[in-house]
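Report on the structure given below.
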Amino acid sequence: MTEITRVGVDLAKQVIQVHGVDATEAVVVARSMSRQKFAAWCAQLPGGCVVAMEACSGAHHWARRLQRLGLQPRLIAPHFVTPYRMEGKGGKNDATDAAAICEAASRPKMRFVAIKSCAQQGVLCVHRLREAYKEERTACINRIRGLLSEFGLVFPLGPSALRAQLGDALEDASNELPGCARLGLDRAFTHWRALDAEIAWCDAQISDHAKQDVQAQRLLPIRGVGPTSASALVACVADFHQFRSAGQFAAWLGLVPRQNSSGGKASLGGITKRGEDYLRTLLIQGARSVVGTAARRSDAVSRWILQLQQRVGWQKTLVAVANKNARIIWAVLVRDRQYDPHYAGARTASAQGI
């Protein structure tokens, strides 16, 4: 155990595979063990030993435990591990995955995932539940619409229109709805209202977090960033200093063009859509409100948005504004400064020659 300098760990619910090497890269240990034995085994590792894992379910929990043992946990995105599997795609198993993780952690330019705290993961839990409730509510609404259409009951588009008329339709004895269908749809309507209450509770928790967190408070003055976006950004990104520049943060969010360049000829496509989908969606939705109301304002940023929209269209303008907001967010949090809209406007006006 004292010879081990780096360990690759393939996490699972019950069985955990480890692959340890010494300073000469010789394999010292390659075995599987239960969850209960893994923590005790790690306690025998020498202090400062690197323990690498994929950033998967439970990885942040184990990383925090390993830190308390005096070890150096490293979390690696799964798509960075795949190229180091010597057996290729056809040789995937726990042992080869652990060996690939161990090898990937040795690369000097490997990018590691920052370890989240319990508080950050707690806030993210509320965000994930909120998104799940939203999906479940949409499915419930569509299910109700589909079942009602079987009896010739078609309502205008939009949840509000259906909600306003559904109660009367269930009470109307002149339609073709049988008794069992009325009872079932009434229970579905009750479930819909219960989901609304759960989403409202999540929104209240997220709003409270945005009001109490210092970093989230700094993001709220940014146009296009609301309480939900501010809370999610602070919770999802453990440390903004892990990004060398604002451009790298925007690229991590997938808000930069995909490249297929060769021979000195640049070929750009749509955005890469890498990184955290949830954050990218929130920033683009926030940009939608900014672009939609730009004509009502006369500041430099709004004029830039209008000019850009005329030149490249609505969709590309949304991405450009989201990219700009991502860069502003990085600058505000990394440089520990308050957001100054006039500073951003002056920079934009100077860049566009306004």
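Each residue in region 257-272 was checked for being surrounded by 13 or more Cβ atoms within 10 Å (Cβ to Cβ) and among the aliphatic types (A, V, I, L, M), and 1 pass. Yes or no: A216 touching a Ser or Thr at 6+ places or on another chain (Cβ under 7 Å) and either in a helix (DSSP H, G or I) or not hydroxyl-bearing (S, T, Y) (or both)? Judged against the criteria, A216 is a match. In summary, L124 fulfils each of the numbered conditions (1) modelled with pLDDT under 95; (2) within 30 Å of A210 (Cβ to Cβ); (3) in contact with a helix residue (DSSP H, G or I) (Cβ under 8 Å, 6 or more places away or on another chain) with the single exception of condition (1). Applying a threshold of 8 Å to beta carbon distances and a minimum spacing of six or more residues, or different chains, the list of pairs starting in region 132-146 at a residue that is of a type in the set (F, W, Y) and ending at one that is surrounded by 11 or more Cβ atoms within 10 Å (Cβ to Cβ) reads Y133/L195; Y133/E198; Y133/I199; Y133/C202.
From the list G275, G286, G254, which residue is at pLDDT below 90, crowded, with 17+ Cβ neighbours inside 10 Å and closer than 29 Å to D213 by Cα? None of the others qualify; the one that does is G275.
Checked against (1) in a helix (DSSP H, G or I); (2) modelled with pLDDT under 95, P221 meets all criteria but (1).
Residue by residue, here is whether (1) within 24 Å of the chain's Cα centre (by Cα); (2) within 16 Å of G8 (Cα to Cα); (3) outside any loop (DSSP other than H, G, I, E, B) holds:
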residue	(1), (2), (3)
F80	yes, yes, yes
A100	no, yes, yes
E103	no, yes, yes
R107	no, yes, no
E136	yes, no, yes
I141	no, no, yes
G146	no, no, yes
V154	no, no, no
S160	no, no, yes
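The rows are residues; the columns are (1) modelled with pLDDT of 95 or more; (2) closer than 25 Å to D239 by Cβ; (3) surrounded by 13 or more Cβ atoms within 10 Å (Cβ to Cβ).
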residue: Q36; (1), (2), (3): no, no, no
residue: G48; (1), (2), (3): no, yes, no
residue: V51; (1), (2), (3): yes, yes, yes
residue: C56; (1), (2), (3): no, yes, yes
residue: L69; (1), (2), (3): no, yes, yes
residue: Q72; (1), (2), (3): yes, yes, yes
residue: A77; (1), (2), (3): no, yes, yes
residue: M86; (1), (2), (3): no, no, no
residue: K89; (1), (2), (3): no, no, no
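Scanning region 189-213 for residues being of a type outside the set (S, T, N, Q) and crowded, with 16+ Cβ neighbours inside 10 Å gives a total of 10.
Looking at this structure, is A169 among the aliphatic types (A, V, I, L, M), more than 30 Å from I329 (Cβ to Cβ) and not in a loop (DSSP other than H, G, I, E, B)? Yes, satisfied. Applying the criterion of at least 2 residues that are in contact with an Asp or Glu (Cβ under 6 Å, 6 or more places away or on another chain) to the helices (runs of 4 or more DSSP H) found wholly in region 224-292 leaves 227-236.
Please specify each residue of region 25-41 satisfying the condition of being aliphatic (A, V, I, L, M) and either at positive phi or part of a strand (DSSP E or B) (or both). Matches in region 25-41: V27, V28, V29, A30, M33. In contact (Cβ under 8 Å) with a residue 12 or more places away in the chain and among the polar types (S, T, N, Q) - does that describe any residue in region 84-101? Within region 84-101 (the criterion being in contact (Cβ under 8 Å) with a residue 12 or more places away in the chain and among the polar types (S, T, N, Q)), the answer is no, since none of the residues qualifies. Answer with yes or no whether A114 is farther than 14 Å from L195 by Cα and either surrounded by fewer than 17 Cβ atoms within 10 Å (Cβ to Cβ) or small (G, A, S) (or both). The answer is yes for A114. For the criterion of being closer than 25 Å to R274 by Cα, at pLDDT 95 or above, of a type outside the set (D, E) and not in a helix (DSSP H, G or I), A63 fails. Among residues that are assigned by TED's automatic domain parsing to the domain that holds A197, loosely packed, with under 11 Cβ neighbours inside 10 Å and aliphatic (A, V, I, L, M), L157 is included. The residue that is surrounded by the fewest Cβ atoms within 10 Å (Cβ to Cβ), among those in region 172-188 that are among the hydrophobic types (A, V, I, L, M, F, W, C) and not in a helix (DSSP H, G or I), is A173.
The values are calculated or read from the model by the stated rules, or taken from the named source; none is laboratory data. Just so it is clear, the structure is predicted and the values come from calculations on it, not from any experiment. Ideal geometry is used to build each Cβ from the backbone, glycine not excepted, and the neighbour counts take in all protein chains shown.
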